[in-house]
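The values are calculated or read from the model by the stated rules, or taken from the named source; none is laboratory data. On a predicted model such as this, the values are computed, not experimentally measured, just so you know. Here Cβ is always computed from backbone atoms with ideal geometry, including for glycine, and neighbour counts include all displayed protein chains. Each accessible area value is taken on the protein alone, full model and side chains, heavy atoms only, with ligands, DNA and RNA left out. Shrake-Rupley method; radii C 1.70, N 1.55, O 1.52, S 1.80 Å.
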Amino acid sequence: METDITKFDNGLEVDAAVDEIAKEYNEETVRNFFMKAENTNFIVPFRDTPNTIPLFNSKDGLKLIPAFSSYAAFEKSPLPKDKAGIMHFDKINDIVKKSNGQIGGIVINPHGKSMVFKHSGAKVPENKPGTGIKLMKPAMVPAGVAETLKNYLSSCEKVYSAYILWAQKENDLAPHLFMVIDFDGKREEFFPKVAEAIKPVLKPGDNIEMAKADFKLLKTAEKLVPPVYKKT
């Protein structure tokens, strides 16, 4: 009998485990979590067929198979919800092992509080210049982000406009928010202040990248979305 994934929940308390480990790292807590995970099923998304799984690119460059502990966790992903199935951890891990190091492991609940199983033979790819990035109109922006950004930028001098897009690099699992801001000044000084301003309205798993506008970025942004802020 086919499982209804909208009702799926494997009972794995991922958020609680992440919080406990973040509070005080404990080998036993990690070991117990992994033992439970290795003996249960997960929701795994696919592209066209169950044999074509989209991979999640981690911050350290590893390609990971995304696995969701519940449908509630899966709903946080921008991936299509009609292309997913239930898969046991052993089968997911077998795909990792057979990839000859091309797949670095498994990430549980990548769009929230997540846990990563790294495979010992994983190969970290070199960063190659010229990797394509696609900019697009966002299907959704987390509540409060646009308004908070607008309010903060309106209090700043020498900030002229800002746009919120979606960006997706080649082989990324899903797009992430991409802010294009036109301002005078140093990005390494200004962007941490912007990040701090919008931090209260962000949720765990929200991934935002910021870029200082140049002519090309501005023209691209203007074609895709109206400005979230424009100096008057």
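Does anything in segment 42-81 have its amide N under 20 Å from the 7 Å Cα→Cβ label point of Ile133, and if so which residues? Label zone hits: 55-64, 78.
Taking GluC sites (Glu not before Pro) as exposed when DSSP calls them loop (any state but H, G, I, E, B) and at most 15 other Cβ atoms lie within 10 Å, what is the longest stretch of the chain free of them, the sites themselves excluded? Result, exposed sites excluded: 171-232. In plain terms, the chain from Thr6 to Asp90 could stretch by 28.0 nm, reckoned as 0.36 nm per residue minus the Cα-Cα distance. For the chain, the longest piece that avoids every one of the trypsin sites (Lys or Arg not before Pro) found in DSSP loops with at most 11 other C-beta atoms within 10 Å covers 99-157.
Over all other residues within a Cβ to Cβ distance under 13 Å of Val14, the charged ones net out to -2, with Lys and Arg as +1 and Asp and Glu as -1.
One Cα centroid belongs to segment 187-232, the other to segment 79-103; the line between them spans 34 Å. Once backbone amide H atoms are built at 1.01 Å from N, Asn109 has Ala67, Phe68, Ser69 as its partners under 5 Å, excluding neighbours fewer than 5 places away on the same chain. Across the chain, C-alpha contacts under 8 Å between residues 6 or more apart give a mean separation that, scaled by the residue count, equals a relative contact order of 18 percent.
Solvent-accessible area per residue in the chain equals 60 Å², computed with a 1.4 angstrom probe and all protein chains kept. Beta bridges per DSSP, both residues in the chain: antiparallel share near 75 percent. Scalar couplings 3J(HN,Hα) for segment 62-67, obtained by applying the Karplus form with A = 6.51, B = -1.76, C = 1.60 to θ = phi - 60°, are 7, 9, 10, 7, x, 9 Hz; x denotes Gly and Pro. Give the label of the value calculated from the structure for Cα extents along the principal axes in Å, choosing from [x] 59, 38, 30; [y] 59, 37, 36; [z] 54, 43, 37. Calculated Cα extents along the principal axes in Å: the matching label is [y].
Of all segments of the chain bounded by chymotrypsin sites (Phe, Trp or Tyr not before Pro) found in a DSSP loop with no more than 16 other C-beta atoms within 10 Å, the longest spans 47-232.
Note on the chain: with neighbouring protein chains present and a 1.4 Å probe, carbon and sulfur make up 50 percent of its accessible heavy-atom surface.
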